[in-house]
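As structure tokens, the structure follows; a few thoughts come after it.
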Amino acid sequence: MQHGEQERVRPYDGGVTEQVIGGPPRRRSYPKGTRRRQQILESAIALFAQRGVDNASLRTVGQAIGVSHTALRHYFATRDDLLVEVYRAHEALSADDRCDVSKSAVGVIIEAADRNRSIPGLVELYATLTTDALQQRHAVTRKFVRDRFRSLRSSLAARIEAAQRAGRVAADIDPLDAAALVIAASDGLQIQWLLDPDAVDVGRSLSLLERLVPRGREPGESA
């Protein structure tokens, strides 16, 4: 297009296509690609929170959030890329930097489960990712889920180790094994809750784990 020539307004396309409506020649004024990408992700988060991820494709997601298929492909080459990045962005936006460092591993997961009660569609997205990760053809998803599990096990294990030093958890329990158990319980309960929400209380069921883990001795306490 020549400078000064008016371009017809197009539907929102994630900022890939420049939109100019008359006026003097100027440089492109739309936000940088990273900002457009974040806008798309936030719109997709809202979409999945409301509708879930059933039958989601790049084309149907683009139509639902008002972004052209071409624009969506510019930022996310495949459906797997989009779903992984939507969930990653969701976790980043919902992360609580003020999380009490003294809170137990189970307590952290219970808090997350309580937040998830209002966004079943994103819980469904997570369940979809973990299922897809079992298939070799979903390599991007497999790496994301595996790395997330590793990171979460490490984070929860650190809390369990701190509880052991404080005498709140028995010293002979392996922290990584206990962390894996907490994650497995949470994931399994959330799937049951998605299928039968009136019959399953994820937080209440998870709280039983606190009672099942043997209590250690307080520092200085004799045998």
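Structure notes:
- Taking label positions 7 Å along the Cα-Cβ direction at both Ala95 and Thr70, the computed distance is 3.5 nm, reported to one decimal.
- Electrostatic tally near Gln136: other residues with Cβ closer than 14 Å to its Cβ, Lys and Arg +1, Asp and Glu -1, net +2.
- Charge-dipole axis of segment 135-177 as Lys and Arg at +1 and Asp and Glu at -1 on Cβ define it, positive-most pick from Ala162, Phe144, Pro175: Phe144
- For segment 57-183: relative contact order, % (alpha-carbon pairs under 8 angstrom, 6 or more apart): 23 percent
- Potential lengthening between Arg165 and Arg115 on full extension [0.36 nm per residue; Cα-Cα distance subtracted]: 15.1 nm
- For segment 98-214, the Cβ-based charge dipole about the Cα centre amounts to some 440 debye (Lys, Arg positive; Asp, Glu negative; other atoms uncharged).
- Distance in nm between pseudo-label sites at Ser102 and Ala77 (7 Å out along the Cβ direction from Cα): 4.9 nm
- The label-point distance for Asp172 and Arg204, in a model that sets each label 7 Å from Cα toward Cβ, rounds to 3.4 nm.
- Between Ser151 and Thr131, the FRET efficiency estimated from the beta carbon spacing at R0 = 22 angstrom works out to 0.65.
No value in this document is a laboratory result; all are computed from the given coordinates. Just so it is clear, the structure is predicted and the values come from calculations on it, not from any experiment. In this analysis, Cβ positions are derived from the backbone assuming ideal geometry, glycine residues included, and neighbour counts consider all displayed protein chains.
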